[in-house]
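The values are calculated or read from the model by the stated rules, or taken from the named source; none is laboratory data. Everything quoted here is computed from the prediction, not taken from an experiment. Glycine gets a Cβ as well: all are built from the backbone with ideal geometry, and neighbour counts include every protein chain shown. Note: areas computed on protein heavy atoms with side chains; ligands, DNA, RNA excluded. Shrake-Rupley method; radii C 1.70, N 1.55, O 1.52, S 1.80 Å.
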Amino acid sequence: PIIPVCLCNTENIFENNLPWIKKGKILIEYGKPIYPNELDKEQKKKIGAYCQDVIAEMLEKNKSMI
């Protein structure tokens, strides 16, 4: 299985503080496993895009939580 992982609020730790790293709160969410053999033929062809869409939904859902 493929386990989608969403990391939210990481920009406050590193990207906004270059060249330093600062403490901050982040949210890590593990999504439901994706079983490639359970996907239809078209989803299997574009499994990378499918996984990106799942992670994008997780990011959007968690945007208001941080």
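Checking residue 30 against (1) more than 17 Å from the chain's Cα centre (by Cα); (2) at pLDDT 85 or above; (3) open to solvent by 50 Å² or more (accessible area, probe 1.4 Å), which single condition isn't satisfied?
Condition not satisfied by residue 30: (1).
Report the residue count in region 17-27 for those that are over 23 Å from residue 61 (Cβ atoms), among the β-branched types (Val, Ile, Thr) and open to solvent by less than 100 Å² (accessible area, probe 1.4 Å).
Of region 17-27, the ones over 23 Å from residue 61 (Cβ atoms) are 17-23.
When the remaining residues are screened for being among the β-branched types (Val, Ile, Thr), the result is 21.
This time we only want the ones that are open to solvent by less than 100 Å² (accessible area, probe 1.4 Å), so: none.
Final tally of qualifying residues: 0.
Identify, please: which residue in region 1-16 is in contact with a helix residue (DSSP H, G or I) (Cβ under 6 Å, 6 or more places away or on another chain) and under 12 Å from residue 62 (Cα atoms) and is, among those, modelled with the highest pLDDT?
Per the stated criteria, the residue is 6.
Just give me the residues in region 14-42 being assigned to a helix (DSSP H, G or I) and within 17 Å of residue 3 (Cβ to Cβ), in sequence order.
Of the residues in region 14-42, the ones assigned to a helix (DSSP H, G or I) are 15-17, 36-38, 41-42.
If the condition is that a residue be assigned to a helix (DSSP H, G or I) and within 17 Å of residue 3 (Cβ to Cβ), then 36, 37, 38 are the ones that fit.
Going through region 33-66 one residue at a time, which ones are among the hydrophobic types (A, V, I, L, M, F, W, C) and open to solvent by less than 100 Å² (accessible area, probe 1.4 Å)?
34, 39, 47, 49, 51, 54, 55, 56, 58, 59, 66
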